[in-house]
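The values are calculated or read from the model by the stated rules, or taken from the named source; none is laboratory data. Just so you know, these numbers come straight off a predicted model, no measurement behind them. For neighbour counting, all protein chains shown are included, and Cβ atoms are generated from backbone atoms with ideal geometry for every residue, glycine included. Quick note on the areas: whole protein, heavy atoms, side chains included, nothing else; ligands and nucleic acids left out. Shrake-Rupley method; radii C 1.70, N 1.55, O 1.52, S 1.80 Å.
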Amino acid sequence: MLPFRAHLGQTLIFSASGALLLFLVLPLFVLLARAIEADLLQQLTQPTVTQALRLSLVTSSLSMLITAALGTPLAYSLARHKVPARSVIETLLDLPIVLPPAVAGLALLLTFGRRGFLGPVLETLDLSLPFTTTAVIMAETFVAAPFFIRSAQVGFANVSHQLEESASDLGANNWQVFRRVTLPLAGTALLSGLILSWARALGEFGATILFAGSFSGRTQTMPLAIYHALESDLGSAVALAAILILISFFFLALLRLITHGRIGHPML
Amino acid sequence: MTLYQLRNLQHRYGERTVLDLSALDIAHGEIIALVGPSGSGKSTLLRLLQFLETPTQGSLLFDGILSDHALPLEARRRVVTVFQHPALLDRSVFDNVAYGLRLRGVPYGPETIMAALGRVGLRDYARVRAKTLSGGEAQRVALARALVLNPIALLLDEPTANLDPYNVGLIEEIIRGHGTTTVVLVTHNTFQAKRLADRVGLLLSGKLIELLPADRFFNAPLDPRTRSFINGEMVY
Ligand SMILES: Nc1ncnc2c1ncn2[C@@H]1O[C@H](COP(=O)(O)OP(=O)(O)OP(=O)(O)O)[C@@H](O)[C@H]1O
Ligand SMILES: [Mg+2]
């Protein structure tokens, strides 16, 4: 028999955990249940739904590709090189994480808008960015990239310098060291950064609606479509939300599986 | 023939000068032993000889080529170090020994790898996971993976530090049979330096006090600090 106070402590821990867990999970299940009730599959054939789904997947994937391609070198430099004003840069990179997305959207509009800071330049190039699909990708990248960069930076910083040196000592060229030692060892951090930023991009709302607007088929991603469907048709809003939950869950679980098996060692 | 030529070389970490060598020449095919107290800069010198770092000041020529960021990979690949604490890949012992050859894209047969493992007495360990090795075994694997590359210069940082007397003998036999390979051996064991080296150098606080043929280093050193170091008195 445990003493009374130990029992009390355990009971408190369990009930506190249970209450929070319930609070976090219950709404999601209620939503899923409503979606099944409202005939989810039938909603899936609606053009607003399919368009939003396709647009969300395409833009968030492109945004993730851009983030990975440009963010990896940046994260590597921040982790490895002498960067002037490093802490200033790092703080600036963290800003989009804490700022309300609406602020990001406004900032993008003021910079890339027709009358914005770069407006004249863009006009001579015959480019108009706001309220286009490109603007959606830009908004998503703007708010999501910092998640990847920060995670990747920590990953690169944690790679054992000793392993890299012994590869280089054994005759690896710089690219081989990076490709065969650094990248695999930082791989877990890179992947989890990608998960985070991709999820963030998929859920992006505030910056998108300000900078890209909400045009069906062009800039209306799933979160925007849910918002608009609420006005007209609760059923399709619920369906869209359920799909978003399922997709997010699926990808998070998948990537978690991938990262789990690869808490990494250099590969030959 | 000189393999390495160092002139007015200084190496600094931040404000601290950890190496300050006015001149050092290392000949093709010789065995040089470097001795000196902990922190005297022995490992740092090996890092420079391995081109892991470029000297802060002064010049380091390898086979006539200046060691800087533009040092060709081909030159770098002719030197191998066995580090004080070797880092092995989390793979089999066989894969670790084959690693350098794979990086070079050199075709090799299993017998090449097995022969190198045989030389360090680890023939039966080929399939063992490198992670599970003892310190001494890991050190010998590191030596095997260096030997298999047939380097022009082999840099050894305390290669027998973790070994029992039998394996010390084994490794020393390998060093003695170095052939045309130049060996730079860092050791805390002055007897080992005496047994193996053609020339022995004493480093104190980053300075090369003297570098003499082994018998003269031990029997008739010019600098009193050398004598007191050999006698095991602390010198700083
Ligand atoms: N990366 C570094 N940054 C700053 N200081 C360093 C660095 N590497 C080495 N040092 C310093 O340089 C000095 C020489 O170090 P080194 O490793 O060459 O000594 P050592 O002669 O090999 O010593 P030991 O016999 O203990 O291995 C030491 O005082 C060490 O603290
Ligand atoms: Mg050392």
Practice problem: Would you tell me the mean number of C-beta atoms belonging to other protein chains that fall within 10 Å of each C-beta in B:76-86, as a whole number? | Solution: 3
Quiz item: Counting pairs of alpha carbon atoms under 8 Å apart in space and at least six apart in sequence, what relative contact order in percent does chain A give?
Solution: 28
Exercise. Rounded to the nearest 10 degrees, what's the angle between the helix B:165-176 long axis and the longest principal axis of chain B, both from Cα atoms, 0 to 90?
Key: 80
Exercise. Post the alpha-carbon centroid distance, region B:137-158 to region B:51-71, in whole angstrom.
Key: 22
Quiz item: Between B:Leu71, A:Ala6, B:Gly29, whose Cα lies farthest towards the positive end of the dipole of the protein assembly as shown when Lys and Arg beta carbons carry +1 and Asp and Glu beta carbons carry -1, centred on the Cα centre?
Solution: B:Gly29
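Loop-only check: which trypsin sites (Lys or Arg not before Pro) in region B:72-175 are DSSP coil with at most 14 other Cβ within 10 angstrom?
B:Arg127
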Quiz prompt | Pairwise centroid distance, computed over Cα atoms, of region A:30-89 with region A:166-236, Å | solution = 4
Exercise. Whenever you get a sec, compute what percent of the accessible area on the protein assembly as shown sits on carbon and sulfur atoms (1.4 Å probe).
Key: 63
Quiz item: Among all the aspartates and glutamates, which ones have a C-alpha under 15 Å from B:Lys131's C-alpha, if same-chain residues fewer than 8 places away are not counted?
Solution: B:Asp90, B:Asp95
Practice problem: Under 14 Å from the Cβ of B:Ala130, count the other residues' Cβ atoms, weight Lys and Arg +1, Asp and Glu -1, and hand me the total. | Solution: +3
Practice problem: Grab the DSSP H runs of chain B that are 4 residues or longer, score each as -39,500 (n - 2.57), total them, divide by all residues and round the 222 nm result to the nearest 500 deg cm²/dmol. | Solution: -9500 deg cm²/dmol
Quiz prompt | Solvent-accessible ranking of A:Phe205, A:Phe29, largest area first, probe 1.4 Å | solution = A:Phe29, A:Phe205
Exercise. Could you give me the radius of gyration and the Dmax of chain A, taking only the C-alpha atoms into account and expressing both in angstrom?
Key: 22.5, 81
Quiz item: Average partner chain C-beta neighbours within 10 Å, per residue of A:157-170?
Solution: 6
Quiz prompt | Heavy atoms of B:His178: accessible area, 1.4 Å probe, square angstrom to 10 | solution = 40
Quiz item: What ranking do A:120-128, A:36-44, A:224-232 get when scored by the average of other Cβ atoms within 10 Å per residue, highest first?
Solution: A:224-232, A:36-44, A:120-128
Practice problem: May I ask which residue of B:Asn96, A:Ala135, B:Val200 lies farthest towards the positive end of the charge dipole of the protein assembly as shown, with charges of +1 (Lys, Arg) and -1 (Asp, Glu) on Cβ and the Cα centre as origin? | Solution: B:Val200
Exercise. Name the most mobile residue of B:Asp20, B:Asp68, B:Asp157, meaning the one with the largest mean-square fluctuation, in a Gaussian network model of chain B with Cα contacts below 10 Å.
Key: B:Asp68
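Counting pairs of alpha carbon atoms under 8 Å apart in space and at least six apart in sequence, what relative contact order in percent does region B:88-150 give?
Computed value for region B:88-150: 51 percent relative contact order.
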Quiz item: Using alpha-carbon pairs under 8 Å, 6+ residues apart, how would you state the relative contact order of chain B in percent?
Solution: 26
Quiz item: What value, in deg cm²/dmol to 500, does the helix sum -39500 (n - 2.57) over DSSP H runs of n ≥ 4 give at 222 nm once divided by the residues of chain A?
Solution: -25500 deg cm²/dmol
Practice problem: Calculate the mean, over all residues of peptide B:101-109, of how many other protein chain Cβ atoms lie within 10 angstrom of the residue's Cβ. | Solution: 3
Practice problem: Count the DSSP beta bridges whose two residues both fall in the protein assembly as shown, then state the antiparallel fraction as a percent rounded to the nearest 5. | Solution: 60
Self-check item: Farthest toward positive dipole pole in region A:34-264 [+1 Lys/Arg, -1 Asp/Glu at C-beta], among A:Ser61, A:Ala225, A:Leu257
Solution: A:Leu257
Quiz prompt | Dipole magnitude of chain B about its Cα centre (Cβ charges: Lys, Arg +1; Asp, Glu -1), debye to nearest 20 | solution = 360
Quiz item: What is the Cα convex hull volume of region B:129-236 when expressed per residue in Å³?
Solution: 125
Exercise. Please work out the C-alpha center-to-center distance from region B:1-30 to region A:95-126 and express it in whole Å.
Key: 55
Quiz item: Taking chain B as a Gaussian network, where each spring joins two C-alpha atoms under 10 Å apart, which residue of B:Pro151, B:Pro37, B:Pro72 fluctuates the most?
Solution: B:Pro72
Quiz item: Based on Cβ point charges of +1 for Lys and Arg and -1 for Asp and Glu, what charge dipole magnitude is obtained for the protein assembly as shown about its Cα centre, in debye rounded to the nearest 20?
Solution: 340
